[in-house]
Amino acid sequence: MLSRNLFLLVLIAAFLSTCRAALGGEISIEGAPADSGYNVGSVATIRATVKGIAGDVSRYAVFAEIQYAGTTSTTSVQMDRVAEPRQGEAQYEVGWPIPAEAPTGLYTVAVRVQDRTAHRSVAGKALRGFAAYKKLIQISRLTLDKTFYNLGEPIQCQVTLENLTDAELKNLRVEFSNANYPWISLYSGEASANPDLALKVLRDHLTLAARGTATIPMMSAGIATPLQGKQKEVMGIGSPERHEKTPPPEVDTYTVAVWNAERTILYDMQFTTPAMVRPRNAISPNLTAGITRTPITRISTSLNIAAFTRQDRSLPLSRWITRARSTVRESGPESWAR
């Protein structure tokens, strides 16, 4: 009798274990929003990986549940499977259009897995939330006049701004700077402006019409000067100050920021494309330094930037490197013996 009862208990335990696996009792969820913040009116992307799936993955439906923190109303959206499932694992993603009138602040996110056959939820997990903000102004285009600058040459910049609201925005201040960050003071100790920031006001008291755009035409915004070393003094991080009589070429970026007239509200800030600053008649860095010289590395161990045309110098760095590589390839085997 005892052995019979023990046998029945083993059967029941095995049956319950099978049911638990079939119903996804061991299912786990990982994931998060693709970004930490989104502008209202844009699409918030949420990704999740569901592990421990038993049987056919199509048996399960996965939902993202989004809620404005502190409220009880929840938006539930079904997520799409975005890749072929692996053994017991599937990836999901959904884009939730944030309503243009949605309140700004923190939104919580949870993912729920539902068994379509059993008609019940088998797993759920709260993920990292995201913040919704309302961006009023956007720097939609930012262009430098060149990619390569000699020391002391003027840097020219063109900026296009876009008003994302239905109201007119007045008294805007547009700045160009070497290192203009909201958490860095423009001033050094006293009331005088920090010279290392080389701040230039491109436009003051600018007005943007509702849903309108404005372009600040190409104009002088700064002077090409070595920034590496000075960045550490201003920002507290970066390369140590240089003391070379002739500084080597360096790649720098600049920033454009849009503020209100009192400079208490930062509407937008964008970085320029990288620009190379070098002494006049400088030779480009030797990209093959430290490499054993072979017929290939003898082709052109250092390219003279001055040898490129004016049109070449205005190319983005990535395209210029491609052009340089093409020039090396076209130099032919006859130059390998040099």
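The values are calculated or read from the model by the stated rules, or taken from the named source; none is laboratory data. Remember, it's a predicted structure, so these values are computed and weren't measured experimentally. Cβ sites come from the backbone with ideal geometry, for glycine too, and all protein chains shown count toward neighbours.
Condition first: among the small types (Gly, Ala, Ser) and within 30 Å of VAL109 (Cβ to Cβ). Now tell me which residues in region 131-171 satisfy that.
Matches in region 131-171: ALA131, ALA132, SER140.
Quick check on my filter: what residues within region 21-46 are surrounded by 14 or more Cβ atoms within 10 Å (Cβ to Cβ), among the hydrophobic types (A, V, I, L, M, F, W, C) and in a strand (DSSP E or B)?
ILE29, ALA32, ALA44, ILE46
Give just the number: which of (1) farther than 18 Å from VAL201 by Cα; (2) at pLDDT below 95; (3) acidic (Asp, Glu) does GLU168 not satisfy?
Among (1) farther than 18 Å from VAL201 by Cα; (2) at pLDDT below 95; (3) acidic (Asp, Glu), the lone unmet condition for GLU168 is (2).
Can THR49 be described as part of a loop (DSSP other than H, G, I, E, B) and at pLDDT 90 or above?
Judged against the criteria, THR49 is not a match.
Residues are listed down the side, and each one gets a yes or a no for (1) surrounded by 18 or more Cβ atoms within 10 Å (Cβ to Cβ); (2) modelled with pLDDT of 95 or more; (3) out of contact with any Phe, Trp or Tyr (no Cβ under 9 Å at 6 or more places or on another chain):
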residue	(1), (2), (3)
ILE53	yes, no, no
VAL57	no, no, yes
GLU65	no, yes, yes
ARG81	no, no, no
GLY88	no, no, yes
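Could we say that LEU136 is in contact with a Phe, Trp or Tyr (Cβ under 6 Å, 6 or more places away or on another chain) and closer than 30 Å to MET269 by Cβ here?
Yes: the conditions hold for LEU136.
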